Amino acid sequence: MSIDLNAVITWFKDSIMQNQFAQGGFALMLIGFIVAYLRWIPGWIASRLSRHFSTYVEVEEKDEVYEIIQVWLNSNYKDYRRVALKSSYRKIDDPNVRKVNDDHGSKMNIYVVPSYGTHFMFWKKKLVVFSKEKRDAAGGPNSAVSSFLKAEFTSFRIFTRDKKVIGQFLDEAVKLTLRDTDKIAIKFPSSHDDVWRKGEPIVRRPIASIILADGIMDSLIGDIEEFTKSRKWHEDRGIPYRRGYLLYGPPGNGKTTIVQGIANHFNMSIHVLHLAAKSISDTRLNQLFSSVQENSIVLIEDIDCIFKKRDTEAEDNTQKSSLEALTMSGLLNAIDGVAASESRIVFMTTNFPELLDAALTRPGRVDMKILIGNATKSQAMRIFKRFYPETSDDDAERFGNLVGNEKYSMAKIQGLLIAYKTNPEGAISNAIEFMDTETFVASNEILEITKHSGSYPEEDDEL
């Protein structure tokens, strides 16, 4: 059966011409189409012109450069009717930034940035349109990347065809946020999402200032130096380019201090993970490990306590979802699973290595186990000479014979020397009484000293 197209067209024309309602409906439809098209044309033209005559930049909150951009906005954006407050421990060279002391006495910078929405400003006689918004991170709302909260984005459109403007923009922003070359960058997991946040930088600790048993530091530095130079060797053989160390032994002997010294020596940042935190789950830990930047250290302290503490909490909260918990399997996968980052070093510390799961300490996850024990005679002599460089080697040996018997921690010996900071003979003559007494009077000050027992006391790990 064939259809006569001409007959259909003739019938349609006759129907429209003879039916006023059909004519009106067709006219309205045509007018609506024309209006919509006319409304679309200006937007299309504006979009084309904007792309042709401007440069667009977008930065996500979790990116390292995001804070630099915020500080730049504080310096250049002067419309203070819609603003938000930000804080940072980064060194900032800007008179507009307020410097205050936090609860711990550390210097914290407080500055003003534009709030959410679209803003306009002029920079170097160029119009800048920028906006702040929260939206799903890359990968969509159901992806692991955006599994917690939406990410914050700041976008800029600078109206100029000069391609060098982005470099000028970044150079100006970086100058405002000078890097603390005399400090080590410290990062912690954010309390509400899967990104790393900068903490207060810590003062660099020279390797020479860390007093360990003979050969330990040289061995550790040598191993890390070889690792840092062997990336291609690992890649050629299909071996993951990462390294793990376990520092174990009684507290107060500088396990954490060693990590600070290594970070200083190799110019690395430290990512500190407190795995006992309730907010850490298997999924979140994997995200955190996968986002560790290259040439960094991941520090996990007192790893033997993690699951013990979590088991106790689980008994008190039987309603806790298994999706919110950190498991040993999740920890192992984060350290060397498919999503684990490379070109980084993991340091784990423990007072009780015998409590650790063998799967956690196997080669590939822990490549070197290092005992950081109580003070040897050599350590005691060296720290004595560090405090009293004018004393003789005989005095240092007398002191080493008294306390350098691997019975006392370096933290406790340091406490003794601080108590007699200007009296080396007093430190020698009162050494044994000081070390074995819970409360000792020295220089008219009461010093609380924890008596050594079968269990290791919680002592200061700073040497």
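The values are calculated or read from the model by the stated rules, or taken from the named source; none is laboratory data. All of these numbers come straight from a predicted model, not from anything done at the bench. Positions of Cβ are backbone-derived with ideal geometry, glycine not excepted, and every protein chain shown enters the neighbour counts. Each accessible area value is taken on the protein alone, full model and side chains, heavy atoms only, with ligands, DNA and RNA left out. Shrake-Rupley method; radii C 1.70, N 1.55, O 1.52, S 1.80 Å.
Ranked from highest to lowest mean number of other Cβ atoms within 10 Å per residue, what is the order of the peptides 197-206, 327-336?
For the peptides 197-206, 327-336, the packing ranking is 327-336, 197-206.
Might you tell me the accessible area per residue for segment 181-223, computed with a 1.4 Å probe and given in Å²?
Roughly 46 Å² per residue, with all protein chains present.
Apply the a/c threshold of 1.5 to the C-alpha gyration tensor of segment 212-313 and tell me whether it is rounded, prolate or oblate.
Since a/c reaches 1.5 but b/c is at least a/b, the shape of segment 212-313 is classed as oblate.
Show 119, 234, 265 ordered by accessible area, largest first, where the area counts protein heavy atoms only and the probe is 1.4 Å.
So the residues, ranked largest to smallest area, are 265, 234, 119.
Among 227-233, 395-401, 57-63, how do they line up from the highest to the lowest mean number of other beta-carbon atoms within 10 Å?
The densest-packed peptide leads the list: 395-401, 57-63, 227-233.
For a Förster distance of 45 Å, can you work out the FRET efficiency between the beta-carbons of residue 166 and residue 371, rounded to the nearest 0.05?
Rounded to the nearest 0.05, the efficiency is 0.30.
Please give, to one decimal in nm, the separation of the simple spin-label points placed at residue 277 and residue 407, each 7 Å out from Cα toward the Cβ.
The two pseudo-label positions are separated by 4.2 nm.
Starting at the first residue of segment 251-263, write each ³J(HN,Hα) from the Karplus equation 6.51 cos²θ - 1.76 cosθ + 1.60 with θ = phi - 60°, in whole Hz, x for Gly and Pro.
Once rounded to whole Hz, the list reads x, x, 10, x, 4, 5, 4, 4, 5, 4, x, 5, 4.
Can you tell me the length gained on complete extension of the stretch residue 418 to residue 83, counting 0.36 nm per residue apart and subtracting the Cα distance?
Using 0.36 nm per residue and subtracting the Cα-Cα distance, I get 115.7 nm.
Strictly over 29 Å apart at the Cα level, which of 62/278; 62/164; 164/187 would you flag in this model?
Distance filter (> 29 Å) returns 164/187.
What FRET efficiency would be calculated for the residue pair residue 393, residue 221, taking the C-beta separation as r and a Förster radius of 25 Å, to the nearest 0.05?
0.40
Rounded to the nearest 0.05, what FRET efficiency is calculated for residue 328 and residue 197 with R0 set to 30 Å and r the Cβ-Cβ distance?
About 0.70, to the nearest 0.05.
In nm, to one decimal, how far is the modelled label at residue 134 from the one at residue 116, with both set 7 Å along Cα→Cβ?
Modelled inter-label distance: 0.5 nm.
Any idea what the relative contact order of segment 349-428 is, in percent, if you count C-alpha pairs under 8 Å spaced at least 6 apart?
After rounding, I find 30 percent.
Obtain the nm distance between the two label points defined at residue 58 and residue 29 by a simple spin-label model: each point lies 7 Å from its Cα along the Cα-to-C-beta direction.
Taking the simple label geometry, residue 58 and residue 29 are separated by 3.8 nm.
Once you sort the root eigenvalues of the Cα gyration tensor of segment 230-282 as a ≥ b ≥ c, which label holds: rounded (a/c under 1.5), prolate (a/b larger than b/c) or oblate (the other case)?
Oblate, because a/c is 1.5 or more while a/b does not exceed b/c.
Considering only protein heavy atoms and a 1.4 Å probe, what is the carbon-and-sulfur percentage of the accessible area of segment 322-398?
56 percent
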